[in-house]
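Working notes, structure below.
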Amino acid sequence: MDYQKFFESKISDLKTEGRYRVFADLERQVGKFPKAKNHYEGGVREITVWCSNDYMGQGQNPVVLDAMHEVIDQCGAGAGGTRNISGTNHYHVLLEEELADLHQTQAALLLGSGWMANMTALSTINAMIPDCVVISDSKNHNSMIEGIRHSKADKKIWKHNDLAHLEEILSSIGTDRPKMVAFESVYSMDGDIAPIKEILDLCDKYNAMSFLDEVHAVGMYGKRGGGVAERDGQMDRVTIIQGTLAKAFGVVGGYIAGTSAMCDFVRSYGAGFIFSSSLPPAIAAGARASIQYLKEHNELRERHQERAATLKRRFTEAGIPVLPSVSHIVPVLVGDAVLCKQASDDLMEIHGIYVQPINYPTVDRGTERLRFTPTPLHSDADMDHLVNAIKEVWGRLGLKAAA
Ligand SMILES: *Cc1c(COP(=O)(O)O)cnc(C)c1O
């Protein structure tokens, strides 16, 4: 076999389908977010980032950077091993305590990323509980799907956020068989939010574990940034809360939180935890400083929600078709893969605005979109610039207006 030919042909498949990914080459600059440098064929230009998951600008918060600098100088670069073999640094221990406090759980367990946390926890728990069945929301993230698949447990898909369908499946399984309901709080492509209380009521009724991915909510919802479950007063009812340190907290890493027994179980049996080197101590220190900071700065969460509401209103007033989101995510429907890419390219090249096109398979065909994520650091002037630019692009490309 000509292996290189094979690789090339698979790449050219993506190109013909219009799904080949081109990365924007960014150079982030402390103190300037959401502005950044963009390296392109013609040189370097300054652009405004409108699709970052650094939702609160914590990636440049001096409190976070100071904590990281200090611990780099104190402990050095890497952790030096897996958690079990010389790689448990005191800053990992402190961070896990901080996370347990954030979610008011007995314990928390740190992993290399949110993806690894989902993969490891879901695969380990559902593989080891005998005859376990997982009921998974149809819009769950890839990392949850992979974790469930890897567990080899029976899997049932429930229609996205559909309580009647969830109950139908739960009642067909019965209360005796072990089961887990796996879902997210904020779904990041549509910006809708799960009915957490009602889902947990069903989990109670049918004796199911609950696994809640709060990746797009931690730091941003709840009085201390514990997520939507905190906001809704449901945090103590969830069996396993999963989150990331890479989005609102602005650093990198993932975790689960819950009982001591559950965390100890994943610590002791989870391959993705056991066999992977732990995060650098400075990362753990930065994440901890970020969590502490966001716990105490609810006004940032208020400003974040205000910015999102303002952008939705301004787009709507301009006739731009905003999809119905109840969160900080502002999705704008284009409905065509080629036009979506074209709109994104024009915004970047003509207007210095960076928003990545979201195409299949991340979203369904025909629902291709631009996904804006305003942060507390996007100013009114940034919004004026964006709204004028998008009106220009919408008119010139003849894109669909709001219904
Ligand atoms: C980004 C994301 C993850 C993965 O988290 P990382 O820390 O980026 O690996 C998990 N779940 C959802 C819903 C996500 O959007």
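The values are calculated or read from the model by the stated rules, or taken from the named source; none is laboratory data. On a predicted model such as this, the values are computed, not experimentally measured, just so you know. Quick reminder, even Gly has a Cβ in these numbers, built from the backbone with ideal geometry, and neighbours come from all protein chains shown.
Of everything in region 127-151 that is away from the ligand (no atom under 14 Å from the Cβ) and part of a strand (DSSP E or B), the residue that is nearest to GLY191 (Cα to Cα) is ILE135. The lone criterion from (1) closer than 17 Å to MET128 by Cα; (2) more than 16 Å from the ligand (Cβ to nearest atom) left unmet by ASP201 is number (1). Consider region 218-239 and keep the residues that are surrounded by fewer than 24 Cβ atoms within 10 Å (Cβ to Cβ) and of a type in the set (A, V, I, L, M). The one that is farthest from the ligand (Cβ to nearest atom) is MET235. One residue stands out among those in region 12-63 that are under 21 Å from LEU294 (Cα atoms) and within 16 Å of the ligand (Cβ to nearest atom): the one that is surrounded by the fewest Cβ atoms within 10 Å (Cβ to Cβ), which is ASN53. Filtering region 286-325 to residues that are over 21 Å from the mean Cα position of the chain (by Cα) and in a helix (DSSP H, G or I) leaves GLU299, THR310, ARG313, ARG314, PHE315, THR316, GLU317.
Being crowded, with 16+ Cβ neighbours inside 10 Å, among the hydrophobic types (A, V, I, L, M, F, W, C), in contact (Cβ under 8 Å) with a residue 60 or more places away in the chain and more than 13 Å from PRO376 (Cβ to Cβ) is a condition met by at least one residue of region 288-295.
Is it fair to say PHE33 is under 30 Å from VAL63 (Cα atoms), at pLDDT 95 or above and not small (Gly, Ala, Ser)? Yes. When region 137-195 is filtered for residues that are within 25 Å of the chain's Cα centre (by Cα), farther than 19 Å from LYS247 by Cα and β-branched (Val, Ile, Thr), the ones remaining, listed by number, are ILE145, ILE148, ILE157, VAL181.
Restricting the search to helices (runs of 4 or more DSSP H) fully inside region 1-104 and requiring at least 2 residues that are in contact (Cβ under 8 Å) with a residue 40 or more places away in the chain and either within 30 Å of SER379 (Cβ to Cβ) or touching a helix residue (DSSP H, G or I) at 6+ places or on another chain (Cβ under 7 Å) (or both) gives 62-75, 90-103.
Taking the numbered list (1) touching a Lys or Arg at 6+ places or on another chain (Cβ under 9 Å); (2) not in a helix (DSSP H, G or I) in turn, ILE241 passes all entries but (1). If you check VAL186, VAL215 for being crowded, with 20+ Cβ neighbours inside 10 Å, more than 30 Å from GLY81 (Cα to Cα) and at pLDDT 95 or above, only one passes: VAL186. No other residue among LEU94, LEU122, LEU65, LEU111 is within 17 Å of VAL238 (Cβ to Cβ) and either touching a Cys at 6+ places or on another chain (Cβ under 9 Å) or not small (Gly, Ala, Ser) (or both) apart from LEU122.
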